Amino acid sequence: MHNKSVAELSRELESGSVSSVELTTHFLQRIHELDGHFNSFITVSDESALAAAAEADARRRRGEATPWTGIPLAHKDIFCTRGTRTTAASRMLADFVPPYDATVVANFNKAGAVCLGKTNMDEFAMGSSSESSYFGAVTNPWGEKRVPGGSSGGSAAAVAARLTPAATATDTGGSIRQPAALCGITGLKSTYGRISRHGVIAFASSLDQGGTMALTAEDNAMMLNVMASHDRQDSTSTDRAVPDYTATLNEPLKGLRIGLPREYFAQQLNADMEQRVREAIAEYEKLGATVQEVSLPHASLAIAAYYIIAPAEASTNLSRFDGVRYGYRCEEPKDLMDLYQRTRAEGFGDEVKRRIMIGTYALSAGYFDAYYLKAQKVRRLIQQDFIDAFKQVDVLMSPVSPTPAFIQGEKTQDPVTMYLEDIFTVAVNLAGIPAMSVPAGFVDGLPVGLQILGDYFSEARLLNVAHQLQQATDWHLHQPE
Amino acid sequence: MQWDVVIGLEIHVQLATQTKIFSGSSTAYGAAPNTQASAVDLAMPGTLPVLNEQAVRYAVMFGLAIDAEINRRSVFDRKNYFYPDLPKGYQTTQLDHPVVGAGHLDVDLADGTSKRVRIHHAHLEEDAGKSLHEDFHGMTGIDLNRAGTPLIEVVTEPDMNSAEEAVGFARKLHSLVTSLGICDGDMSQGSLRFDVNISLKPKGSTVLGTRTETKNLNSFRFMEQAIAHEVERQMDLLEDGGRIVQETRLYNGDTGESRSMRSKEEANDYRYFPCPDLLPVVLSEEFIEDARQRLPELPDARKARFVEQYGLNDYDASQLSTDARLASYFEEVVRRGKDAKLSANWVQGELSARLNADEKSIQESPVSGSQLGDLIVRVADNTLSSAGARKVFDALWSGTHQDVDTIIADQGLKQVSDTGALEQMVDEVLANLPDQVTQYRAETDANKRKRLLGGFMGPLMKASKGQGNPKLFTEILRSKLEG
């Protein structure tokens, strides 16, 4: 049952061959049996999940079901869930119970989906290995002691381990695509503004974007159908109409123009990884696509710009965690300054503190022009690179990460090495375009991802392109031991 | 040494929107602490600001009223600092791209001249909450009801050179924003708060001196006192060979003293940058035109109309037109009372004196405009003597009676204007006072005769039980004594 896709489970619920209570019970059992190995969940919501499942079954009997009614899924613990603690994997919010749902959560609730629990992640989504969580590191189901990637490592590991058929995630610099790639599942980061950020605990507001994780592209499309919406509570949310993303999955790819950014195949790329990516691209040629090299001239500047802009925004987004109104507060503060200093020193982990300091520095008087302003100019250039590229091709393809899943602890002592994990992913966030990670084979038994990048609001096209690969190959169906 | 005083103002104007600038919480004043603070106002994780369109409209109306450039594109920035009543750890404000650009306001001065004060810009921002340091046993209480209340901060050029000019500007601004209906003008509740930048320079010098900023003055009186105090402090310092330190000061209106709050060196690095949660505000021509259509009559136009329509002199017109509510009260009086000059006298005289004595605002007046208008009618048609009119006014003020004619009837205040009856009374009084009659007739000095004539009024009023028309009595007396 747990190897089935959301689409298959949805059909089975519709046919009556299985109930939501049965499905939910099954996945909850798997979580309790197996998640000790992976630590992919921070909170498991047995009680509310079973209640929601019973309600979903009743709704289906009333004939009011949507394709999601009764389907279990998990939310990254960065999406606020009313009445269920939402921690962002931080000590700062270890006991925080929001009185509201994120719009994404509300959308799934409305559709009748069943929330199994909240998945583990890097603290405040800052990281590429899901090791910085206050609730402990997440382990990749594909390899003992291997990281699942990050920051949405809990969601990716849970889907890969078949503990949930689908999981929500967020992507600020690669936090959906890189863990999806390292865990061998399919993930999509949507165009900035396509999915509401209301109720998503902010890391870097101009880069944060919700997205989907599941085994198949079709399931990602089903998720996006629910997640994409115009939300008046988020000023940066778009009011563009939401198409049915499943409707165009089977469009033929004949004549699809694929661009390979020269800069993404140059340095730092593991040769075996490159081989897998090129094999996947060869599959597309068999499907009638044409491939050409393109250039993203400012690609090499993306990491530097990203690691100014994201920490700058983070440094002020995280100012609200001050011990005054909610969240962690230090014991017996002597005075106001002591309250601030100890609350934040004790409540935040090292990586979060590092980024707050970098961001504070970058915004300081005298440094603003040289860092933040310059980075914003670079961001414009990177945007323009993509706009120019999409005049020549329909989609871009590249690797997702320079290497497959690495060993836990290998990069935690060297933040810059860790930051370079994002070398192929951050430009997408700076530009605000959508992108996917799709399974493309294995290197030494570890999954490799193919990154597919599209023009603004081309999610339907990306899902179509990914789905066609999954019709032709079975890399997405492999599962870990 | 002679000094020039240079004053610039920064004024926080609370906008009278129903809800906050970035959330749906009510802005009503006086609710129990933290009952008007939503998840957004508390800066709960994941919450986002959504701009209140009405706040933008009010800011644009203000801009149009001061003849300012309206910026088609403005940007909200984050001003970062930690304070317990600042929930997000930053204030959302506008730094480099404010909604309202340069404009000006003309201030009427006591000598009848007018002074133009340039306004550098006005920007939209959110207010902070309140820290309550008393009643918490050494701890601080936080009330976030005010957090997120929309403000415009109006920044002037340093164009004022005296407390009179600065206070004149402040009053004019108060008059403008209340006339526009974009601010309730209630200074005791902090609806307008003034920061005063003051510097001194040797008379005639073109180089500005070092300035200090005195913050958060919330009455015209305190503002005037604070300016006088600070000018004197700086002058003493400079004349003793000292230097002014650029700093922020707080003035205590109760003690008349000021103290340094922080120096320039201690000032925060606010790390301003554009708020990524809010899109730039792009105003369409339609939006601006719509705001223009909503502009009510402004004080200067109203003053001109009062002169034109009611025949008031410049002074009366200015006094009555400045405060929008007073102006509307006055017009209600005239609508009923017809006689504009008499109405103006009553509003500025008896009514103002009583409001001042009871520390009431015009909205709190127990006597309505229409009641006062009815009273004016009875004064104008001679039904009431001025003494009688005051009695009617007292009755209205105390609220014992509502209707002017009922009061006149109940208290027998109707003035006797029947000439026959009055003549009879005059004849009787003169017959009883033969010596005074002789004295009057013998007197040649006009002033003394006037005084002697007055001597008959007391007995006459007594004889008429206070209801005789004094004007008629005087006329009849003159004709009898001199005829």
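Suppose we take every Cα in the stretch A:211-349 and form the convex hull; what volume per residue is that in Å³?
Each residue corresponds to 216 Å³ of Cα convex hull volume.
What is the Rg over Rh value, at two decimals, for chain A, using alpha-carbon atoms and the Kirkwood definition of Rh?
0.95
With an 8 Å Cα cut-off and a minimum separation of 6 or more residues, compute the relative contact order for the stretch B:3-291 in percent.
Dividing the mean separation by the residue count of the stretch B:3-291 yields 25 percent.
Taking +1 at the Cβ of each Lys and Arg and -1 at the Cβ of each Asp and Glu, which of B:MET160, A:ALA111, B:SER398 sits farthest along the dipole of the protein assembly as shown towards its positive end, judged by Cα position relative to the Cα centre?
B:SER398
Restricted to Cα positions, what overall size does the stretch B:3-291 have along the principal axes? Three whole-Å values, descending.
Reported extents, whole Å, longest axis first: 56, 53, 33.
Nearest 10 degrees, 0 to 90: what angle lies between the long axis of helix B:299-310 and the longest principal axis of chain B (Cα atoms)?
Value to nearest ten degrees: 20.
Let me check against my output: what whole-number percent is the relative contact order of the stretch A:92-209, with C-alpha pairs under 8 Å and at least 6 apart?
23 percent
Quick one: putting +1 on the C-beta of Lys and Arg, -1 on the C-beta of Asp and Glu, what dipole do you get for the stretch B:297-410 around its Cα centre, in Debye to the nearest 20?
Dipole size: approximately 120 debye.
As a test of the definition: which semi-axes, in Å, follow for the stretch A:362-481 when you take the square root of five times each eigenvalue of its alpha carbon gyration tensor? Largest first, please.
Square roots of five times the eigenvalues give 30, 23, 9 Å.
Suppose every K and R has +1 on its Cβ and every D and E has -1 on its Cβ; what is the size of the dipole of the stretch B:152-246 about the Cα centre, in Debye to the nearest 20?
In total the dipole reaches around 80 debye.
Hey, if you put +1 on the Cβ of every Lys and Arg and -1 on every Asp and Glu Cβ in chain B, which of B:SER365, B:TRP3, B:ALA228 ends up farthest toward the positive end of that dipole?
With unit charges placed on the Cβ atoms, the residue in question is B:SER365.
What percentages, rounded to whole numbers, describe P(r) for the stretch A:325-375 computed over all alpha carbon pairs with 5 Å bin width beginning at zero?
Computed distribution, short to long bins: 5, 19, 19, 17, 15, 13, 9, 4, 1.
Where does the charge balance sit around A:LEU450 when Lys and Arg score +1, Asp and Glu -1, over other residues with C-beta under 12 Å from its C-beta?
Neighbour charge sum, excluding A:LEU450 itself: 0.
Can you compute the equivalent ellipsoid semi-axes for the protein assembly as shown, i.e. the square root of 5 times each eigenvalue of the Cα gyration tensor, sorted largest first and rounded to whole Å?
Value: 76, 31, 25 Å, ordered largest first.
Report, ordered by chain and residue number, the lysines lying within cross-link reach of B:LYS203, taken as a straight Cα distance under 22 Å and ignoring same-chain residues fewer than 8 apart.
Within the straight-line limit of under 22 Å, B:LYS203 reaches these lysines: B:LYS115.
Tell me which aspartates and glutamates have Cα within less than 17 Å of B:LYS471's Cα, excluding those fewer than 8 residues away on the same chain?
Candidates past the 8-residue exclusion: B:ASP381, B:ASP418, B:GLU423, B:ASP427, B:GLU482.
Seen from all sides and averaged, what is the projected area of the convex hull of the Cα atoms in chain B, in nm²?
Its Cα hull, projected and averaged over all orientations, spans 32.0 nm².
Going toward the positive end of the dipole of the protein assembly as shown, with +1 on Lys and Arg Cβ and -1 on Asp and Glu Cβ, which of B:TYR270, B:GLY466, A:GLY349 do you reach last?
B:GLY466
With the Cα gyration tensor of the stretch B:368-483 giving a ≥ b ≥ c as the square roots of its eigenvalues, does the rule (a/c under 1.5 for rounded; else a/b larger than b/c for prolate; else oblate) give rounded, prolate or oblate?
It is prolate, given that a/c is not under 1.5 and a/b is the larger ratio.
Let me check against my output: what whole-number percent is the relative contact order of the stretch B:297-410, with C-alpha pairs under 8 Å and at least 6 apart?
22 percent
Computed from the coordinates by the stated procedures, all read-outs in this text should not be read as laboratory data. Bear in mind the structure is a predicted one, so any value in this text is a computation, not a measurement. Note that we place each Cβ from the backbone using ideal geometry, even for glycine, and neighbour counts take in every protein chain shown.
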